[in-house]
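Undergrad: There's a structure below that I have some questions on.
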Amino acid sequence: MWSILRGISCHYLRLPPFRSRTHALLVRTLMWRSQGTSRNRDSMYYVVSIGVVAVGVTFAAIPAYRIFCEKTSFGGLTQVAKDFERIANMEKVEDRLIRVQFNADIPSSMRWQFKPLQHEIYVHPGETALAFYTAYNPTDRPIVGISSYNLTPFQAAYYFNKIQCFCFEEQILNPGERVDLPVFFYIDPDYANDPALEYLDSILLSYTFFEAKSDLVLPSPFDPSNRPSVKDFLGQKKIDAEVAVKSTSVEKEKTNKIAESAPKMSQAKLSKNED
C-alpha cells in the first residue's frame, strides 16, 4: 500500500520514486534551495531595476525642475520669451512705471570682476528694455565662468520675460579680457492687471557668476540664504557711493595742491626772467 501511494505522489510531482526517506529529504532540500536561489535572483533584479530608475529620475529631475520653474516662475526664476509676434504687437502701459534694479555677486573663489553697467532703469509694462553687465578677468590665466540669476520679489517673476540672457551659459575670458553681457527683457502688460502687484513698482534682478568646474553645483534659487534682498543691494550701493566720495576727495586734494603750487611756480619764473 505504501509503495502504491508513494508511486502515485511521485507521479504527480513528476519526480522519480524515492528509494528511501533520506533520498526524499535530499530531493526536497535541493528543490527548496533551487526555489530560494530563484527568489533571490528575482529580488536582485528588482533592486537593480529600482536603482537604475532612481538614478535616471535624479538626472532628469534637474532639467525638469528648471523647466517647471521657468513655466511657473517658482522661486524667482523668470520667464523665457518665445512668442516674438506677441512681443512685436504688445501695447505699452503708459500709466505704470516699474523700476528695475540690477545686482551682481561673485563668490570669493571667483577671480573675475563682475558688475552691472547701470544700477537701475525704468520701464513700462509692455516695453522692451536692454541692460548690460560687465565681466573682467584680471588674472594671468583663462577662466571659464557660469552664472545663475534670481528676481525679487518672486510674485513679479511670472511677468518678467527674458528675450536674451547670458545665464546658465559658460563664458570664457582670457587674461585681461573684458566683455559686456546683455540682458534683453520686457515686463508683461498683464503685470498692471495683477491685484497682488498693485503697489509693487520695484524689481531687483540679481546675477551671480561662478567659476565653471567639473564638480560645480550652482546654488538653488529656492534656498533662502541664496536670495538677494533689496537691503543687501542698497548696502552695496552705499559702499559704492562711499568709494566714489573717497575718490572725489582724493582728486580734489590733488587739484588743491596743484592750484597752491601754481602761483609759486609763476613767481619763480618771473624772478628768473628779471635776473
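The values are calculated or read from the model by the stated rules, or taken from the named source; none is laboratory data. Small disclaimer: the values here were computed from a predicted structure and weren't measured. Note that we place each Cβ from the backbone using ideal geometry, even for glycine, and neighbour counts take in every protein chain shown.
Undergrad: Output the number of residues of the stretch 131-186 satisfying the condition of being part of a loop (DSSP other than H, G, I, E, B) and either under 23 Å from Leu197 (Cα atoms) or touching a Cys at 6+ places or on another chain (Cβ under 7 Å) (or both).
TA: The total comes to 1.
Undergrad: Could you check the stretch 189-208 and list, in sequence order, the residues that are surrounded by 20 or more Cβ atoms within 10 Å (Cβ to Cβ) and in a strand (DSSP E or B)?
TA: Passing the criteria: Ile203, Leu204, Leu205, Ser206, Tyr207, Thr208.
Undergrad: Related question: Could you grab me the full set of residues in the stretch 129-163 that are more than 18 Å from Pro182 (Cβ to Cβ) and either of a type in the set (Phe, Trp, Tyr) or within 15 Å of the chain's Cα centre (by Cα) (or both)?
TA: Asn150, Thr152, Phe154, Ala157, Tyr158, Tyr159 - these are the residues of the stretch 129-163 that are more than 18 Å from Pro182 (Cβ to Cβ) and either of a type in the set (Phe, Trp, Tyr) or within 15 Å of the chain's Cα centre (by Cα) (or both).
Undergrad: If you don't mind, another one. Taking Phe210 and the conditions (1) in contact with a Gly (Cβ under 8 Å, 6 or more places away or on another chain); (2) closer than 18 Å to Val100 by Cα, which numbered condition does it fall short on, given that it satisfies the others?
TA: Only one criterion in (1) in contact with a Gly (Cβ under 8 Å, 6 or more places away or on another chain); (2) closer than 18 Å to Val100 by Cα is unmet by Phe210, namely (2).
Undergrad: Just a yes or no: is a residue in the stretch 177-190 on the phi > 0 side of the Ramachandran plot and either in contact with an Asp or Glu (Cβ under 9 Å, 6 or more places away or on another chain) or not assigned by TED's automatic domain parsing to the domain that holds Met90 (or both)?
TA: no
Undergrad: Could you grab me the full set of residues in the stretch 90-109 that are farther than 12 Å from Asp188 by Cα and surrounded by fewer than 17 Cβ atoms within 10 Å (Cβ to Cβ)?
TA: Listed by number, the residues that qualify are Glu94, Asp95, Leu97, Arg99, Pro107, Ser108, Ser109.
Undergrad: Next question. Is it the case that Tyr199 is of a type in the set (Phe, Trp, Tyr) and touching a residue at least 12 places away in the same chain (Cβ under 8 Å)?
TA: No: the conditions fail for Tyr199.
Undergrad: Another one. So how many residues does the stretch 114-128 have that are more than 15 Å from Glu170 (Cα to Cα), modelled with pLDDT of 95 or more and either outside any loop (DSSP other than H, G, I, E, B) or outside the structural domain of Asp95 (by TED's automatic domain parsing) (or both)?
TA: Within the stretch 114-128, residues that are more than 15 Å from Glu170 (Cα to Cα), modelled with pLDDT of 95 or more and either outside any loop (DSSP other than H, G, I, E, B) or outside the structural domain of Asp95 (by TED's automatic domain parsing) (or both) number 6.
Undergrad: Let me ask something additional. Taking Phe160, is it in the same structural domain as Asp201 (by TED's automatic domain parsing), under 17 Å from Phe102 (Cα atoms) and surrounded by fewer than 16 Cβ atoms within 10 Å (Cβ to Cβ)?
TA: No; evaluated as a whole, the condition is false for this residue.
Undergrad: Could you say which residue among Lys231, Lys213 is over 16 Å from the mean Cα position of the chain (by Cα) and modelled with pLDDT under 95?
TA: Step by step, each of Lys231, Lys213 is checked, and only Lys231 is over 16 Å from the mean Cα position of the chain (by Cα) and modelled with pLDDT under 95.
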